[in-house]
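Asker: This is the structure I want to talk about, given as C-alpha cells.
Throughout, read-outs are computed from the coordinates displayed, never taken from laboratory work. No experiment lies behind these values; they were computed from the predicted model shown. All Cβ positions, glycine included, derive from the backbone under ideal geometry; neighbour counts span all protein chains shown.
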Amino acid sequence: MSLTKVTLRKRLLPSGKITLYLDYYPAVRDPQTNKMSRREYLGIYLSSKPRSQEERELNKEKMITAEGIRAQRELSILRGDLGFIDKETPKQDFLAYYRQNLEGHDQKWIRVYDHFKKYCGGECKMEDITVEFCDGFRDYLLDADQLMHSNRKLSRNSAAGYWSTFRGFLNIAYREHKIKENVNDYLESIDTIDTHRQYLTLEELQALADTQCVSDVLRRASLFSCLTGLRFGDIRDLTWDKITTYPDGGHCLRITTEKTETDASLPITEEAMELCGTPGKGQVFKGFTYALVQRELDGWIKDAGIEKHITFHCFRHTYATLLHENGNSLHTIQNLMIHLHPGTTAQYICNSDALARKAADSLHLQPSRIKRIWSKVRKLFK
C-alpha cells in the first residue's frame, strides 16, 4: 500500500478569489462515514490580483498557514490518525454524549455533570472542549455553590474530586475519538487540603443508635455502615441475593464495590444482619437515597447530642477507627475496607483520644542500673 501524498493546491473561483485545498493521493478513508476522501477545502482564500503590498503580505501569511496545515495532515496520516477528515463529530452535542455516559456511574458523576451543564449554560459541542474552556470549568468549581445548598460553597476537596472525575470523562471522550485533542495533557489538577476526619466514638455511636430517627431506613442504613464500613453507594445498591450464609451459619456479603469495582466477600455480624430487616427480594434498604441523607441526617445527629459535623462517609471512618481501637491490624482492616493499598486504609483511621492516651502512657523512663546502685550507696551513708 502506497503512502498518501498531501499536496497544497489552488482553485480559482468565479468571484475572482483563490481557494486553497489539500489533495490526497491516493485518497484516504473517513473513519466515521467509511467513504473515500480526495480533497479537503481549508476555508482559506487568496486575492488573485493583489493590488497593494499589504494584500501581497496577507497572501503570503495565508499560504504559510495553509502549508502548516498540510504538514500536520501529512504527519497525521503517518501516525494513522485520520480524525481530521471527520467534519460531523465536532458539531455533535457534548452534553448529550456526557449524559449518555452517566448510566452505570454513581451520584458523584451526576453531580459533576449537573455542575458542568450549569457552567456551559446547557449548550456545549464537541468542538467547544478546549484547554481554555476546561480551565474555565476548573475555575468555576473552585468558586461554585453546592447544588442542593446554594448558600454553601463547594469545599476545595469536593471541587478537587469533581475536577478529577471530569478529567476522567475527558479521557473517555478522547479515547472514543469524540474530541480531537487530549486536553488533559494541559490541565492542572486541584490540590486537596488535609482536613480533620470526623468519626464517632463508641459512646457516640451507642447514643446515635438509642436516638429515634424520623426515617427508619436512614437509621438502619447508617448503623449498618458503622458496623460494616460500606460506602453509601454500596449500601444503596445492596440486594438480598448478595447476602449469603457461611457453612458455620454466619452471614457474609458478596459484593462488587461501586468505587473500585472490586469483588469482595465480607463477614457481617448478627447485629448488622438484623439492621437489614426481614429478608426478601430486591433492594435491602428500600427508599434509601442521597436526598434522604441530605435532608434528615443532620437533625438525627443533633438529636443524639453529637456536636461534630458528621456526614454519611464519616460512618466509614468510624468503622475503621473502632476496629483499630479494638486491636485489629492494619492489614485486617484493609481487607475489611476493601482497599487496594494500606496507605488508603491508614487515612481512614482517625487518631482517637483513647489511642493517643494509651500510646503516651506506654512510654516510661526507667532509672539506669548505675543510678539505682548509687541511690542505694547514698542510703547506706545517711
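Asker: Got a sec to turn the phi values of the range 311-317 into Karplus ³J(HN,Hα) couplings, 6.51 cos²θ - 1.76 cosθ + 1.60 with θ = phi - 60°, whole Hz, x for Gly and Pro?
Answerer: 9, 4, 5, 5, 5, 5, 5
Asker: Next question. Which aspartates and glutamates does K281 reach when only Cα atoms under 14 Å apart count, and residues fewer than 8 places away in its own chain are ignored?
Answerer: D237, D241
Asker: Can I ask one more? Please give every one of the aspartates and glutamates within straight-line cross-link reach of K35, meaning a C-alpha to C-alpha distance under 16 Å, and leave out same-chain neighbours fewer than 8 residues apart.
Answerer: D23, D81, D86, E88
Asker: Let me ask something additional. Whose amide H sits under 5 Å from the amide H of K153, counting only residues 5 or more places off or on another chain, with H placed in the peptide plane?
Answerer: Q146
Asker: If packing is taken as the mean number of other Cβ atoms within 10 Å per residue, what is the order of 42-55, 328-341, highest first?
Answerer: 328-341, 42-55
Asker: Using the structure shown, list the pairs from K117/K286; K60/K180; K17/K60 with a Cα-Cα distance above 24 Å, or answer none.
Answerer: Listed pairs above 24 Å: K117/K286; K60/K180.
Asker: What are the GluC sites (Glu not before Pro) within the range 238-337 that DSSP puts in a loop, where the Cβ has at most 16 other Cβ atoms within 10 Å?
Answerer: Within the range 238-337, the qualifying GluC sites (Glu not before Pro) (loop, at most 16 other Cβ atoms within 10 Å) are E261, E307.
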